[in-house]
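Asks: Could you have a look at this structure, given as structure tokens, before my questions?
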Amino acid sequence: MQISFLRQKLIGPMALSFVTGISACSEPATEQVSAATESSIPDIVTDLAPAKEVQIRWTDYGIPHIKANSWEGLGYGFAHASASNTICVLAREFVTVRGEQAKYFGATDANVNQDAFHRALLNQNKLEEYLAYGSADSKAMDLGYVRGYNDYIERHRGRMPASCNNAPWLTPINESDLARINIGVGIRYGLGRVTNEIATSEPGLELAQLQPLDLEVDRNMIGSNALGFGGALTESGRGVLMGNPHYPWHGPSRFHMAHLTYPGEMDVMGAALITTSRIAIGFTEHVAWSHTVSTALRFTMFQLDLVPGNPMAYRLGDDVHDIEVIAVEVETPDGTATRSIHMTHLGPVVTGQGMPWTDQHVYVMRDVNYENYRSGDQYRDISQARNVEELRTALATHQGAAFVNTIAADRDGGALYADMSAIPNVSVELLTRCAIDTENPRIITLNGSDPSCDWQVDPSAAYPGLMPPSEQPSLITDTYVSNSNDSYWLSNPNTRLEGFSPIIGNEQTTRSLRTRAGLAMVEEVIDSGEKFTQDKVKELLFNHRHYGAELLLDEILEICEGQINLKEACTILASWDRRQDIDSVGAHIFNRFWENARGLSEHFAIPFDLDDPVNTPSGLTIENEETRALIIAALESGITSLQEAGIPLNAPWGDVQFAIRNGEKIGIPGGAGGQGLFSVITARFNAENGGYNPIIHGNSYIQTVTWNENGTPDADAILTYSQSPEPDSTYYSDLTKVYSQSNWIDLPFTEDQIQEQLVREENLRF
């Protein structure tokens, strides 16, 4: 089957009782808790009759299982559990979206600009709009989240992690703060990329005063992999999903694992960003899904024609509109700083190199996610879907996914790819008629003074200005789907998705080495006649294969022959297993070579072939003297950098790429996606630190999900950086050590599984 959707009991109020009597941010080790409290763990509450009761059961590795009999209770427990592991990071982000960075952390230009941006754009009118939208379910869950967060900090004052204990910025929140943080997550890759350029915009600035506009998402930095297998390719006939988002290892974009149960309404497990109040990637008894950052643009720029002699007025058809000046006062330790934010009917003015504010034109940004209030209902419906068809319907109904593709599988054997999300409705016809050539050719700029050039309104879309779901790419199949941050085009190489607006992505172009690595590994299994199992899918990621080396190393070794100064390094490379697990010897030599081989892609011998996009381009023109010189120079430079850093050429990869946790060095497998690693870890080479350290981003929450013969979810997962970012937490490094060994943990989803891994229990009343 292939269907292409091309057009279409702590007793007392607000009290809580700990089994251990110790704050969740600083628990004793799991083994100690289990041994010391085995006899004192209370009976599990199986019938939560009072709507104001919430049960949180904590299993190994600091995973909370929240159970409530109301949406409000579910939100309450989710906030409490998230705060238990991540309170300091979460509280700091509330400071950011309230526009209080300068107040608490100093009046730097960056802080003042960020504060002005958030105060102006997340204004009262915007917040009231957000809060008025959504179902009663979502509103109740958000209300519960606010209450749960506030109760947590009130009950734990003086017992927080060291990084925020008794901090003046650790304050209660309200529903507006939650709205601020939810909008902030959505605009992170649009308006959020140009906060300085919005906060400092003014007419007539000299070119030297303008900063380059950084408007493109670096998918080597923020990306993901996902694979969904349908019943035709699996041993069981049921679906198998592998979700592998690549996200930062530090800050508010970390994931946090949790399990949410509202009997009869929702039973979902997975992970949310620290700053989100819903499970974003996860599974249920019916479906499993993951996300990857999409190539679709979530904003466009608009060029507005100014009224001659008046830089504060612009033309809109036959009318003249004034640019609104929003004077923002930002509190700092030294007094008040002021900024002026300039707004139009389309969005804020953005001023930078290539888009200056002259006496003729001004540029503004319209961000689709600044108008996206639908994510809460979106993820409720995803969590309630019974198969991939219903999941796709949920995506199409709300279009609340902010900037991601969705890849899913179900227990009936279906697999789904979809970029059915919040995308501006910009057709090919509109681009042809309205696009303006600027110095930012990969960013769409439209004629904002022509009203017909605004995003088109389609009644079938969830919101005016959104591209309708029928014009967005999706595929349901019983074979497989894949995405590694390239466009939708090769989600399945045998069912190519084509004919969509360029605003969503490109077609018939070279795919990244990481995309090709994933597709090549899948096709190898298919060609062998082997069926996919959960273990086989796990192996695709944790074999840590270096696809770039598989393509090129043999020819590089040919060039090594006769190069006396390269003999030792090339001998090691010849024996390298072409993987990057922690025991691989030689991986660091190839990494340093690649990083110094600038322009290597221009020396492929076999060009891109539209008939074979998975395997081309390939090979090197080693008979070419320029190619040989480039390779030799890159090897020499790489070897020198290792020697200068005191790193032996025969060092295992885990000695060279590592994380430090409380002084302990933990080897980290995986490597650079740009080199063709499907298992992505990004870290810059730091000679002073002795290698690739610190880890910046990459593999984060990884899940592999299928269903057993009884239809029960079977989920293995890993959270690479562990549940807590706090050094004084038990859950600061435990999962990182598991990941270091390329191992997984069994996620306890059923009652029996939870009981087997139970560490402690909290019963809350709100």
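Asks: Within the stretch 271-295, track down each residue that is of a type outside the set (S, T, N, Q) and touching a helix residue (DSSP H, G or I) at 6+ places or on another chain (Cβ under 9 Å).
Replies: Result: Ala272, Leu273, Ile274, Arg278, Ile279, Ala280, Gly282, His286, Val287, Trp289.
Asks: Name every residue in the stretch 183-202 that is out of contact with any strand residue (DSSP E or B) (no Cβ under 9 Å at 6 or more places or on another chain) and surrounded by 23 or more Cβ atoms within 10 Å (Cβ to Cβ), in order of residue number.
Replies: Within the stretch 183-202, Ile183 is the sole residue that qualifies.
Asks: Exactly one condition in (1) crowded, with 22+ Cβ neighbours inside 10 Å; (2) at pLDDT 95 or above; (3) closer than 30 Å to Met312 by Cα; (4) not polar (S, T, N, Q) is false for Gly400; which is it?
Replies: (3)
Asks: Could we say that Gly691 is on the phi > 0 side of the Ramachandran plot and touching a strand residue (DSSP E or B) at 6+ places or on another chain (Cβ under 8 Å) here? Don't jump to the end; show me each part of the working.
Replies: Numbers: on the phi > 0 side of the Ramachandran plot: yes; touching a strand residue (DSSP E or B) at 6+ places or on another chain (Cβ under 8 Å): yes.
Against the criterion (on the phi > 0 side of the Ramachandran plot and touching a strand residue (DSSP E or B) at 6+ places or on another chain (Cβ under 8 Å)), Gly691 qualifies.
Asks: Follow-up. From the residues in the stretch 529-566 that are among the small types (Gly, Ala, Ser) and outside any helix (DSSP H, G or I), which one is farthest from Val680 (Cα to Cα)?
Replies: Across the stretch 529-566, the extreme among qualifying residues is Gly562.
Asks: Could we say that Gly144 is modelled with pLDDT of 95 or more, buried (at least 20 other Cβ atoms within 10 Å of the Cβ), in contact with a Phe, Trp or Tyr (Cβ under 7 Å, 6 or more places away or on another chain) and under 18 Å from Ala272 (Cβ atoms) here?
Replies: It is true that Gly144 is modelled with pLDDT of 95 or more, buried (at least 20 other Cβ atoms within 10 Å of the Cβ), in contact with a Phe, Trp or Tyr (Cβ under 7 Å, 6 or more places away or on another chain) and under 18 Å from Ala272 (Cβ atoms).
Asks: I've got another one for you. Looking only at the stretch 227-238, decide whether some residue is farther than 27 Å from Ile695 by Cβ, basic (Lys, Arg), in the same structural domain as Gln384 (by TED's automatic domain parsing) and at pLDDT 95 or above.
Replies: Yes, the stretch 227-238 has at least one match.
Asks: Residues Ile198, Ile187, Ile173: which one is under 26 Å from the mean Cα position of the chain (by Cα) and closer than 18 Å to Ser82 by Cβ?
Replies: Residue meeting the stated conditions: Ile173.
Asks: Being closer than 23 Å to Ala337 by Cα, in the same structural domain as Gly73 (by TED's automatic domain parsing) and at pLDDT 95 or above: is that true of Ala107 here?
Replies: yes
Asks: Here's another thing I want to ask about it. One residue is enough: does the stretch 209-221 have a residue meeting the conditions surrounded by fewer than 23 Cβ atoms within 10 Å (Cβ to Cβ), under 27 Å from Ile695 (Cβ atoms) and touching a Gly at 6+ places or on another chain (Cβ under 6 Å)?
Replies: For the stretch 209-221, residues surrounded by fewer than 23 Cβ atoms within 10 Å (Cβ to Cβ), under 27 Å from Ile695 (Cβ atoms) and touching a Gly at 6+ places or on another chain (Cβ under 6 Å): present.
Asks: For the stretch 697-732, give me each residue that is farther than 23 Å from Ser163 by Cα, polar (S, T, N, Q) and more than 16 Å from the chain's Cα centre (by Cα).
Replies: Residues satisfying the conditions are Thr704, Thr706, Asn708, Asn710, Thr712.
The values are calculated or read from the model by the stated rules, or taken from the named source; none is laboratory data. Predicted model only: the values in this text are computed from it and were never measured. With ideal geometry, Cβ positions are generated from the backbone for all residues, glycine too; neighbour counts draw on all protein chains shown.
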